[in-house]
Amino acid sequence: MNQTQKTRNHWQIRSAAPSIALFLFTLILASPALAKMSVDFDPNLDFSKYKTFAYIGGANMLEFRQLNPNYITDRVHSGVSQALTQRGLKEVKPEEQPDLVVRYWANSQSQIVSPSAGTWGQFGQYVSDYWAYTYDLMRSESALDASLVIDLIDAKRKDLAWRLYMEQKIVDDDSIWNKVLNEISKGFESYPPSKKQIQEKSKERAEHPPKPAAQ
């Protein structure tokens, strides 16, 4: 390659550099950011005993109008059902005495807001006791986020067994929930918890004593 050709190639690369940089920047912006996730669970439970589950819906506390009021409910149902059936559980109706009851909270306010206890009747909010540590941690970090909380409740014990938190920065109300809901399967990758996760959760709970319920 002679000097003229080298000079020409160098000039072509320099001329293309801004376009390449713009393309890469656009690609980064176009890629959906992954939702922030956290999982909490009772490390004293034997998760292998759970064989069936029932979906009872959820509570939407959103600051914007849903084009389809059932969109989040249906997508959560579909995502959780697929994740649990892949792990060997069978979906049944709520009246068929399931081992686990599945519910969700969807929120777009500045903090995670729990539904009123009366909404769920026999099932509480589970935001005190050992559950308070992760709940308070996620609530304090959820400013301007879309928040989705999915609960797996032990139907016989009337107590929470496993909880998934998912958060996503709100930049576009029309697409934000699609990004969050598409990652439900990823959130369930840690269900049931591994031995290592159980050990880590037991240590965490030993370091953070249970928080009494608000009077």
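The values are calculated or read from the model by the stated rules, or taken from the named source; none is laboratory data. Just so it is clear, the model here is predicted, and its values are computed rather than measured. Ideal geometry is used to build each Cβ from the backbone, glycine not excepted, and the neighbour counts take in all protein chains shown.
Mind listing just one residue for me: the one in region 35-51 that is modelled with pLDDT of 95 or more and touching a strand residue (DSSP E or B) at 6+ places or on another chain (Cβ under 8 Å) and, of those, surrounded by the most Cβ atoms within 10 Å (Cβ to Cβ)? Applying the filter and picking the extreme gives Asp40. Selection of region 73-90 for residues being part of a helix (DSSP H, G or I), of a type outside the set (S, T, N, Q) and touching a Ser or Thr at 6+ places or on another chain (Cβ under 8 Å) yields Gly79, Ala83. For region 178-215, filtered to residues that are among the hydroxyl-bearing types (Ser, Thr, Tyr) and touching a residue at least 60 places away in the same chain (Cβ under 8 Å), the residue that is surrounded by the most Cβ atoms within 10 Å (Cβ to Cβ) is Tyr191. Per the listing Thr119, Thr134, the residue uniquely closer than 19 Å to Pro193 by Cα and either modelled with pLDDT under 60 or among the polar types (S, T, N, Q) (or both) is Thr134.
May I ask you to verify whether Ala161 is among the small types (Gly, Ala, Ser), within 24 Å of Ala206 (Cβ to Cβ) and modelled with pLDDT of 75 or more? In short, yes. Looking across region 137-158, the residues that are in a loop (DSSP other than H, G, I, E, B) and modelled with pLDDT under 90 come down to Glu141, Ser142, Ala143, Leu144.
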